[in-house]
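Any read-out appearing in this document is the output of simple, stated calculations on the displayed coordinates, not a laboratory observation. Quick caveat, the model's predicted, so the values are computed rather than measured.
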Amino acid sequence: MTTESSTEIRAWDFNNRLPLALKLFFLPPLAFFVIFLMNHEFELTLFLASLFVFIVFFLFFGYLFSHELVEINSSTLEHSHHLLGVTYKKRKYPLGHIHNLRVYPSMSKPSFFDPQGPFSEQLRLHMLGGSVVFDYGPLYGSIQMFKGMPEKEALKCVAQMTELLNEY
């Protein structure tokens, strides 16, 4: 989970914890969509609709299969997302502006609206919390990382990050 190098950079990596069966659930509609496009002639409205559906599926794919990386060095905290080796949404936060690093409380108490089925616990955990949060900047806007991380693992990450932030 944590790595350390000679340049004093510590990193935390978190992969999406949704079950593989839920991740692969989007493939049959995508296959239907591709077959549908192959069997119809080119029309502008069909092209625009297909482009919209493709973008939605790509964003959904990115959400399901991306992972987050947080690196802390002597001056900044870097938070980035990775998908298939490509880095996106990379943000740098100066350490002097980071306050109140904490674990967002897990709200996984059962309710009437909870998902039911074989993966309900993982899905509930992913949707409702268990992430690491810190306040940033003069107005203390909250930044959320590692959404869906189990609470015990998040507590361990926060303890390690707080220790490192106190060193700098």
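What the table below lists for this structure:
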quantity: Residue-span extension gain [N15 to H97] - 0.36 nm each, minus C-alpha spacing; calculated: 26.9 nm
quantity: Length gained when the stretch S50-F65 is fully extended (0.36 nm per residue, less Cα-Cα span); calculated: 3.2 nm
quantity: Full-extension gain in nm, I35 to K89, via 0.36 nm per residue minus C-alpha separation; calculated: 16.2 nm
